[in-house]
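Undergrad: What follows is a single structure, and I will ask about it in a moment.
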Amino acid sequence: MREATLSAPEADDLDPEDAKLVVLARAARSRTGASEGAAVRDTDGRTYT
């Protein structure tokens with residue numbers, strides 16, 4: 001069976017608000033030196049990294 005691979009989304013291919021989340025997650029990852037990063041937005045529009 002062939003294993004599925006996931007690729008990182010390019011910010012150019014996303015909705016502008018989603019692209020902001022990608023940028024924030026990458027910045028958090030870079031800032032902390034972690035192998036992964038995350039950013040989320042709540043229902044009020046606040047963003048957390």
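The values are calculated or read from the model by the stated rules, or taken from the named source; none is laboratory data. Just so it is clear, the structure is predicted and the values come from calculations on it, not from any experiment. FYI the Cβ positions are ideal-geometry reconstructions off the backbone, even for glycines, and counts take in every protein chain you see.
Undergrad: What pairs come up if the first residue lies in the range 17-35 and is under 9 Å from THR49 (Cα atoms), the second is of a type in the set (Ser, Thr, Tyr) and surrounded by 10 or more Cβ atoms within 10 Å (Cβ to Cβ), and their beta carbons are under 6 Å apart, counting only those six or more places apart or on different chains?
TA: From the range 17-35, the pairs are LEU24/THR49; ALA28/THR49.
Undergrad: Within the range 16-49, count every residue that is surrounded by 12 or more Cβ atoms within 10 Å (Cβ to Cβ), among the charged types (D, E, K, R), over 9 Å from the mean Cα position of the chain (by Cα) and in a helix (DSSP H, G or I).
TA: 1
Undergrad: Among (1) surrounded by 14 or more Cβ atoms within 10 Å (Cβ to Cβ); (2) at pLDDT 85 or above, which single condition is ALA11 missing?
TA: Condition (2) is where ALA11 drops out.
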